[in-house]
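The values are calculated or read from the model by the stated rules, or taken from the named source; none is laboratory data. Remember, predicted model here, so these are calculated numbers, not experimental data. Don't worry about glycine lacking a Cβ; one is built from the backbone with ideal geometry, like all the others, and counts go over all protein chains shown. Accessible surface is based on the protein model in full, side chains and every heavy atom, while ligands, DNA and RNA are left aside. Shrake-Rupley method; radii C 1.70, N 1.55, O 1.52, S 1.80 Å.
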Amino acid sequence: MKIFLNTNFIIASLFIITFFAYFQTLWMYFWIDDFALVYKLQRVDEAIGYWGRGAIGEGPYRHIVNQFVPFYPVFGTNPEGYFAIGIFLYFLASITLYYFVQLVTKNKQIAFVAAAIFAAGYIGSESMFGITKSWQTPRGIIMALITFILYYRFTTTRNFSFYILSVI
């Protein structure tokens, strides 16, 4: 059981689990909304759908495109790079979940099992089958867990700076 106490083992295990759960997405192609995203990336200055004109755009979905703009010159219309970043973000979300569960339960084994189940994709597999979702969902999970961690720190320490950071 001492191996569970080794942080490097935990991080490596979560990476391996995440990779094996989602490596097949590297061979997937664009799906549903992803075609519209690629079309918008090819014509950034045009007003397309709800994304509006330009990289920042306007409307409710304006910030979906701007996160992909720096990567389009690198990946173009090749989906493997986008999916690889999605896998990496999901791995980061599993690590964040591990630290959150460890903080709440004070038990590394429980935290590792929870993060391993999450990393295996039983919770978020649908979020990995599209380019936009594979970037947005893990980042949303990471931000929510960081907020929960900060608020939990506030409730346990009564340090008001943790509360301010959780609100920010």
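Structural remarks
- The GNM of the chain, with springs linking C-alpha atoms under 10 angstrom apart, assigns the highest mean-square fluctuation among 90, 152, 22 to 152.
- Space enclosed by the convex hull of the alpha-carbon atoms of the stretch 40-168, per residue, Å³: 118 Å³
- To put it simply, the accessible area of the chain at a 1.4 Å probe is 67 percent carbon and sulfur.
- Springs join every pair of Cα atoms under 10 Å in this Gaussian network model of the chain, and among 130, 76, 86 the largest mean-square fluctuation is at 76.
- For the pair the stretch 80-155 / the stretch 3-45, the C-alpha centres are spaced 12 Å from each other.
- Here the stretch 49-164 is treated with +1 on each Lys and Arg Cβ and -1 on each Asp and Glu Cβ, and its dipole about the Cα centre works out to around 420 debye.
- Percentage relative contact order, the stretch 28-168, counting C-alpha pairs under 8 Å, at least six apart: 21 percent
- Rolling a 1.4 Å probe across the protein heavy atoms gives the stretch 1-103 an accessible surface of 57 Å² per residue.
- Per-residue ³J(HN,Hα) for the stretch 61-78, Karplus 6.51 cos²θ - 1.76 cosθ + 1.60, θ = phi - 60°, Hz, x for Gly and Pro: 10, 5, 8, 5, 6, 4, 6, 8, 4, x, 8, 4, x, 7, 8, x, 9, 9
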